1. How charged is the neighbourhood of Cys113? Take every other residue with its Cβ under 15 Å from the Cβ of Cys113, and add Lys/Arg as +1 and Asp/Glu as -1.
2. Roughly how many Å² of Phe91 are accessible to a 1.4 Å probe, to the nearest 10?
3. At 1.4 Å probe size, with every protein chain present, just tell me what the per residue accessible area of the stretch 66-165 comes to in Å².
4. If r is the Cβ-Cβ distance from Glu237 to Asn288 and R0 is 41 Å, what FRET efficiency results, to the nearest 0.05?
5. Counting other Cβ atoms within 10 Å, which chymotrypsin sites (Phe, Trp or Tyr not before Pro) in the stretch 250-320 have at most 16 and lie in a DSSP loop?
6. Give the residue list of GluC sites (Glu not before Pro) in the stretch 226-264 that are DSSP loop and have at most 13 other beta-carbon atoms within 10 angstrom.
7. Highest mean first, how do 490-496, 508-514 rank when packing is the count of other Cβ atoms within 10 Å averaged over residues?
8. Take the Cα of Arg131, step 7 Å along the line toward its Cβ, and report every residue of the stretch 143-173 whose backbone nitrogen sits under 12 Å from that point.
Amino acid sequence: MGGIGRKTSFHVPLLLAAAFVLGFLWHYNIVQNHLMNVFQTCSQPDMQMKTLSVNEELALKKEKARNEFKIKINEIFIKIQNLIPNSTCTFFNRTTSGKKSIAFIRDPRTQYCTGEDLVVQLDMYDHLGNRKTYGGDFIRPRLFSPDLGASVSGRVDDLNNGSYHIHFPLHWEGKVQVSAMLFHPSEGISALWRSRHSSLGVLGFQGKFVYLDKVASTQCGFMLNTDEEVCEYLDPEDEEAFYCIKPPGLPCDCLTDMRAIDLGVSYLTNEEKNIFQRSNIAVEIPQNFKYIDVATCQGSTTTNKAKCATGMTSPFPSGYFYKNIWYPVYCNMTLYTTADNYTKCLKGKKLFLIGDSTLRQYIMHFTEGIKIINYFTYHERQWAHWQKTLTALNMEHDIYVSYKRHGFPLECFDFYYFKEDRYTSRQIDHKAGGKDTIIAITMGQHFRQFPLQLYIRRALNIRRAIERLLLRSPDTKVIIKTENTREMTAPVERIGDFHGYTQYLVMKEVFHGINVGFVDAWDMSVSSATSNVHPPGYTLQGIMSLTFTFACY
């Protein structure tokens, strides 16, 4: 028994040690597994963020780009808005009067030389003869010599105290005269800015829907105040959209025609409307001098300029007329006057004109003026069916020219075929480009009756499309033509020149620093005192000559 007892006592410690080791390993595995589970659970969200799908990453990038785009639109809008005076009109006689104001030469001299600046000061008064103490008036100045066919715009320096300095560069010798017109007083500018942004536009639209034997017309626009079902027409790439009320029983895709409707609305007070009577628009400010004599003085020098090429920066004033010929101040322009000039430039090339009727003038000049090309399937003349897409050809010299409108919105009060409309940016994206391709673009006149943000968005989208084009086809020539002035009898609140001027400033901002030719048609039409939405004669010649100098250098 004693022997059996000693053997049992010897094995017990071994059994206990084995049990301890096995228990430790079992608990170690549980703890380890638990820790792994905890770690995996805690780290799972991070692992998900780091393993986004391609589609999710693309969506995030697009959202970031959209936000940056909206910020850019707002930045440009605020930059323009900061130039707008805050001058409420409560009493018409307290607004700026052109007739009561005075223009005089600042620091007059006995001799004026070419190459220098003439500075004219304007002191502004209201209709009661009280001195104005703040700025913001819309002034249109020019220097001119009628006998020489010479003129140049002036640069306005607002001193914000009721006085202005107008800087006129002296480019030619002889007798020169000054014109400084008060186009609108600061109180009118404030009212026009408020009116433009009080709604989504003072122009409406009507769309025609055709499906089998059914025809219906409904209201369209950038926003519709309706409880009815609407059709959305969205360009997802550029986030451009407009809407039409959906006709009962007809699909949205059967929208075929569109026309504009003057809504006849006004956001001006009765007192503000007095400001915009024709007698108060573009009033010449009296001067205490008749003219000055300019001479070519000793020491006056001229600088050699390079030929006008895309990518150049256009200053203001960008040039001047002399003997009715436009001379850019920053480059040498080729003068285009004959059929041979244009044929040599366009031979073997494709010219795409995208914009409004001010670019349609180009194809009219080529077909009905100098006759270097012939319309294809269009048998009208002048402005008949001006909204139509046009194509013209010269088979002998391999010249192709097309004109196409810039897309919605278009101020056309007759129904026009809408199915072929594409935004300018989409039209650019569909062009292959290349060294034999010229694309000329303009927009402005049809946007004046809508908030400026819409115009800024459209301009930025066009710039992005041009950048894409120049990446794939860097030899393509792209020319941007600004809008020009128009008739002084045009409805001021809807399509007046002040709205055009703010859009002109947007164009200069948006298309700065990109490899395009910039044709400053605003400067040219102000300089030549053209009051025609379709500039005639030597003004158009200057606009077209600069365009095709860029295109064919």
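The values are calculated or read from the model by the stated rules, or taken from the named source; none is laboratory data. Predicted model, so just to flag it, every value in this text is computed and none were measured. Please note: Cβ atoms are built from the backbone with ideal geometry, for glycine as well, and neighbour counts cover all protein chains shown. Note: areas computed on protein heavy atoms with side chains; ligands, DNA, RNA excluded. Shrake-Rupley method; radii C 1.70, N 1.55, O 1.52, S 1.80 Å.
1. -3
2. Answer for Phe91: close to 100 Å² accessible.
3. Spelled out: the 1.4 Å probe surface of the stretch 66-165, per residue, equals 52 Å².
4. 0.10
5. Loop-located and lightly packed - Tyr267, Phe289, Tyr291.
6. Qualifying residues, ordered by number: Glu228, Glu229, Glu237, Glu239.
7. 490-496, 508-514
8. 161-163
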